1. Please give the FRET efficiency for residue 31 paired with residue 56, using the beta carbon to beta carbon distance and R0 = 30 Å, rounded to the nearest 0.05.
2. How much net charge surrounds residue 243 when only other residues with a Cβ under 13 Å from its Cβ are counted (Lys, Arg +1; Asp, Glu -1)?
3. Sort 35-44, 313-322, 421-430 by the packing proxy (mean of other Cβ within 10 Å over each peptide's residues), most packed first.
4. Run the simple label-point estimate for residue 368 and residue 122 please: 7 Å along Cα→C-beta, distance reported in nm.
5. Relative to the longest principal axis of the C-alpha atoms of the chain, give the angle of the C-alpha long axis of helix 84-95, reported between 0 and 90° and rounded to the nearest 10°.
6. Could you tell me what percent of the accessible area of the chain is made up of carbon and sulfur, with a 1.4 Å probe and every protein chain present?
7. Any idea of residue 72's accessible area? Nearest 10 Å², probe 1.4 Å.
8. Angle, helix 411-422 long axis vs. longest principal axis of the chain, Cα atoms, 0 to 90°, nearest 10?
Amino acid sequence: MKPIKVGLIGLGTVGTGTYQVLKRNQEDIRRRAGRGIDIAMVAVRAPERARGIVDEGCRIVTDWTEVVDSPDIDIVVELIGGIETAREIAMRAIAKGKHVVTANKALLATHGNEIFGAAQEHDVMVAFEAAVAGGIPIIKALREGLTANRIQSIAGIINGTTNFILSEMRDKGLDFATVLRQAQELGYAEADPTFDIEGVDAAHKATIMAAIAFGIPMQFERAYVEGISSLKAVDIRYAEQLGYRIKLLGIARRALVNGEEGIELRVHPTLIPNKRLIANVEGAMNAVMVRGDAVGESLYYGKGAGAEPTASSVIADLVDVTRLATADPESRVPHLAFQPNQLTNVPILPMAEITTSYYLRVYVKNRLGVMADLTRILADARISIDAVLQKEPAENATRLDIVLLTHQTQEKKMDAAIALIEALETVVGPVTRIRLESLN
Ligand code: HSE
């Protein structure tokens, strides 16, 4: 059988990795796919640089439309990132009847419904393993390996930059700004790291996993997103003393509110008991914990970024598309795991309705009765306290931190309790609130 022809748009870190791994392992990949996979064309901004990477037989162009419009190309691989041009590439490729492989989580989380709708109409595949957790085959696991299950929850460390920063803050007791600078110097964090540190990148990935796990449309705009830029080293230290690690978690979970089904979709710093495996995922590594009714708990761990780990997922998609390109479209694995006419409209819950436990740090004046005031407010709100940490104040200290861990409660009850605590004359400044998940 003739090789399938691939057009690669973008030859940056992941594009180069994809080209090189495909070349290095071409014989094994051909034996697995049933035919060769040939990157016949690349679209790049700097053709001279590309010549040093790709072989003679590969055509280099600077205009991506040449790739998408070429009648010789069967699969378009979009690896340029960003949203607008990537969307144009995907939509035009689909309209031309080409399959699309992309690593672009921002694109799918924000325009996935439109893209998958168009792909359905044109009987083409859009594959996106590399969009979530880099080299970890989590899309494959959720969409196929766990297909017997009613998925109950997903909790993932799905941004390596923030996990690196949190690990360094904990190990070295450094503050956020110092570690961010180091991460940038080491090339972990982007020059503009906003999407990483503010939780947006993780929320894109959580949105995609939620869609596949629960059979719902992509709803990034309904996700709650909180990053790590205001996290203080002192909270990491107190959490440690209480037996917890703080991780930026992406959470997607089924929930019942007043008997109605809803879905929690949220990204925020989270305390996790340090004895959980996922709490021990350090540095730039990723991990995703999935709970299904049949399988129970399963954990997927690996590199969430980088040239070859991400290429590993891009090429897995190329092999899948190559195998299934000639299959009857009805027999292919659906883009979002569920048949397109079987998506449900279970709502994403507003943050006020979610249920979780909490870490609260309250900076107080060192006065008689202050602890009694805090516990009274929580008891009146029917919020149960799990642990308290109060350091003996330094001699003559007029202020100190009180840390409280609570049992589960609804976010709106906690909002109201925090407002009352902050109104106390003995409380100085805002309460620090970090959500806590026991993950059991
Ligand atoms: N910037 C991402 C991270 C990698 O730090 O994990 C690509 O999704």
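1. Working from the Cβ atoms, E equals 0.75.
2. Combined, the nearby Lys, Arg, Asp and Glu give +2.
3. Highest-to-lowest ranking by the protection proxy: 313-322, 35-44, 421-430.
4. A separation of 7.7 nm, rounded to one decimal place.
5. Its long axis makes an angle of about 40 degrees.
6. Here it works out to 48 percent.
7. Surface open to solvent at residue 72 totals about 110 Å².
8. 40 degrees
The values are calculated or read from the model by the stated rules, or taken from the named source; none is laboratory data. Keep in mind that what you see is a predicted model, and the values were worked out from it rather than measured. Cβ atoms come from the backbone with ideal geometry, glycine included; neighbour counts cover every protein chain shown. Keep in mind that these areas ignore ligands, DNA and RNA; they rest on the heavy atoms of the full protein, side chains included. Shrake-Rupley method; radii C 1.70, N 1.55, O 1.52, S 1.80 Å.
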